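Take a look at the structure set out below.
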Amino acid sequence: MKNRGESETMINISEKMKEHNELVKKRTLSIKEWAEVEGISYNQALKFTHIKDFPIIKLGRERRVVVSRLDKWFEDHIGTEVI
């Protein structure tokens, strides 16, 4: 049985994880959001997220595109067929 201190600690950890996830979401785009920005279909955007070095982060089951890494990724792949 958990005591009050352990329960409060678990609540604090849970709150910190939620705060962290919200911060990550501000620095990232969902696949749907990124597809809209790029003017491509959702399915095309989804294919990009399965490329080994494409800049994504997984939050649970959700994949999010890391905006700050996109330009470098595209520069590194100029002239190559990616999908």
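The values are calculated or read from the model by the stated rules, or taken from the named source; none is laboratory data. Just so you know, these numbers come straight off a predicted model, no measurement behind them. In this analysis, Cβ positions are derived from the backbone assuming ideal geometry, glycine residues included, and neighbour counts consider all displayed protein chains.
For the range 1-45, give me each residue that is β-branched (Val, Ile, Thr), modelled with pLDDT under 95 and either touching a Cys at 6+ places or on another chain (Cβ under 7 Å) or within 22 Å of Leu59 (Cβ to Cβ) (or both).
Of everything in the range 1-45, those that are β-branched (Val, Ile, Thr), modelled with pLDDT under 95 and either touching a Cys at 6+ places or on another chain (Cβ under 7 Å) or within 22 Å of Leu59 (Cβ to Cβ) (or both) turn out to be Ile11, Ile13, Val24, Thr28, Val37.
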**Item:** Considering residues of the range 56-83 that are among the β-branched types (Val, Ile, Thr) and under 28 Å from Lys18 (Cα atoms) only, the residue surrounded by the most Cβ atoms within 10 Å (Cβ to Cβ)
**Value:** Val65
**Request:** Being touching a residue at least 12 places away in the same chain (Cβ under 8 Å) and not in a helix (DSSP H, G or I) is the filter; apply it to the range 20-55 and report the residue that is surrounded by the most Cβ atoms within 10 Å (Cβ to Cβ).
**Result:** Thr28
**Message:** I'd like to verify a number: residues in the range 57-77 that are part of a strand (DSSP E or B) and either without any contact (Cβ under 8 Å) to a residue 12 or more places away in the chain or among the aromatic types (Phe, Trp, Tyr) (or both), how many?
**Reply:** 1
